[in-house]
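Before any comments, here is the structure.
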Ligand SMILES: C[S@@+](CC[C@H](N)C(=O)[O-])C[C@H]1O[C@@H](n2cnc3c(N)ncnc32)[C@H](O)[C@@H]1O
């Protein structure tokens, strides 16, 4: 899927759940992300990225709130400050050309934070790049590990191309 198609998919899900007013994206690309294409649908857009330059660029473009750090480690503290369910676009993982400290793919820790959050079950979670969760990449979870982390909540799920949706 192209970035524009991904934005359309997120917009479609957001339209199904208009009560969700907060959008949280983990992982940016040079300050860009899907948040730019969906910001008009939400009261607040929040981004989390390992690279300060990415977050600064997003802030310059008017993101609601930007947080620098490993998203798996940052989400528990961030979510404690949010008092309503959210739409999550989980897209953080190391890019080949970028070498940084932090988990190669913080997805399991991100999901664990959402599972243990008061508003997690009422949230919509969209996970990008499911093709990478094949057990063949160091630091990336497998589908079985993902299933295990989210099993306690029992979100209904849908999958479109490379994107897994866990529905409120
Ligand atoms: C696929 S890109 C994100 C693309 C962006 N969401 C978009 O739609 O254009 C993944 C980004 O995740 C960030 N990243 C990598 N590991 C991370 C981690 N542990 N925590 C937070 N961000 C991370 C990197 O800055 C990298 O550019």
| request: From 68, 48, 22, 63, grab the single residue that is over 26 Å from residue 139 (Cβ atoms) and in contact with a helix residue (DSSP H, G or I) (Cβ under 7 Å, 6 or more places away or on another chain). | output: 63
| task | Count, please, the residues in segment 27-51 that happen to be modelled with pLDDT under 95 and more than 6 Å from the ligand (Cβ to nearest atom). | result | 2
| query | For segment 21-43, what are the residues that are within 15 Å of residue 90 (Cβ to Cβ) and in a loop (DSSP other than H, G, I, E, B)? | reply | 27, 28, 33, 34
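The values are calculated or read from the model by the stated rules, or taken from the named source; none is laboratory data. Just so it is clear, the model here is predicted, and its values are computed rather than measured. Counting neighbours? That spans all protein chains shown, and the Cβs are built from the backbone with ideal geometry, glycine included.
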